[in-house]
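All remarks here apply to the structure that follows.
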Amino acid sequence: MAVCLVDKYNWMWWSLEFVDIISAIEFDRSGDHLATGDRGGRVVLFERTDTKDHGGSRRDLERMGYPISRHPEFRYKTEFQSHEPEFDYLKSLEIEEKINKIRWCQTANGALFLLSTNDKTIKYWKVQEKKSHNLPSNDLSIPPGGFPSLRLPVVTSNETSLMARCGRVYAHAHDYHINSISNNR
């Protein structure tokens, strides 16, 4: 969709991307992580950065009487495509990818777990750090006039990246649109 804005001197065309509009937002129990869902079916995770300055979560600091004078600061952690557009052939109904609700689940072993839902499907996600190894490209060489030598690759860095994996999909179990979700703790 394009919008034309007119003032006395200029015509401006702006393209509005409806897929980038946030449709769901949820903090985890501690307040250290924030998840947002948008109309394009993406989930974006943020991590709180200002708790490391004071050595505790906002809730703990408030309980100790520590004055909180500034707003919390979050940094981008990762994002993943949670839902894709679907079509229900029995009801001739298009199911959009828009995230209706996000709910955090209990963390375990340093991994984050959350539920996300569109109108008809609930998905259970596990987000955890994975180590990625960068191997040097010049380590595998063939000596002149000889057979290829066998060399073991040497790991040069241990960078970590976050990976989201869908653990379970709860689909085709709802006759009506899903507006809210909760987990049974």
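Suppose accessible area is computed on protein heavy atoms with a 1.4 Å probe; arrange Arg29, Arg39, Arg168 from highest to lowest.
So, going from the largest accessible area down, we get Arg29, Arg168, Arg39.
Note down, for region 94-133, the three equivalent ellipsoid semi-axes (square root of 5 times each alpha carbon gyration tensor eigenvalue), biggest first, whole angstrom.
Equivalent ellipsoid semi-axes, largest first: 25, 13, 6 Å.
Please work out how much accessible surface Val169 shows to a 1.4 Å probe, ignoring ligands, DNA and RNA, in Å² rounded to 10.
Per-residue accessible area (Val169): approximately 80 Å².
With a probe of 1.4 Å, find how much accessible area region 82-136 has per residue, and write the answer as a whole number in Å².
I get 55 Å² per residue for this part.
What full-extension length gain, to one decimal in nm, is calculated for Ile25 and Met64 as 0.36 nm per residue of separation minus the Cα-Cα distance?
Once the chain is fully extended between Ile25 and Met64, it gains 11.3 nm.
Which order do Asp60, Asp175 take by accessible area at a 1.4 Å probe, largest first?
So the residues, ranked largest to smallest area, are Asp175, Asp60.
Identify the chymotrypsin sites (Phe, Trp or Tyr not before Pro) of region 75-110 meeting these criteria: DSSP loop state and at most 12 other C-beta atoms within 10 Å of the C-beta.
Sites meeting the loop and neighbour criteria: Tyr89.
The values are calculated or read from the model by the stated rules, or taken from the named source; none is laboratory data. Because the structure is a prediction, the values reported are computed rather than measured. Quick reminder, even Gly has a Cβ in these numbers, built from the backbone with ideal geometry, and neighbours come from all protein chains shown. In case anyone asks, the SASA skips ligands and DNA or RNA and just uses the protein heavy atoms, side chains included. Shrake-Rupley method; radii C 1.70, N 1.55, O 1.52, S 1.80 Å.
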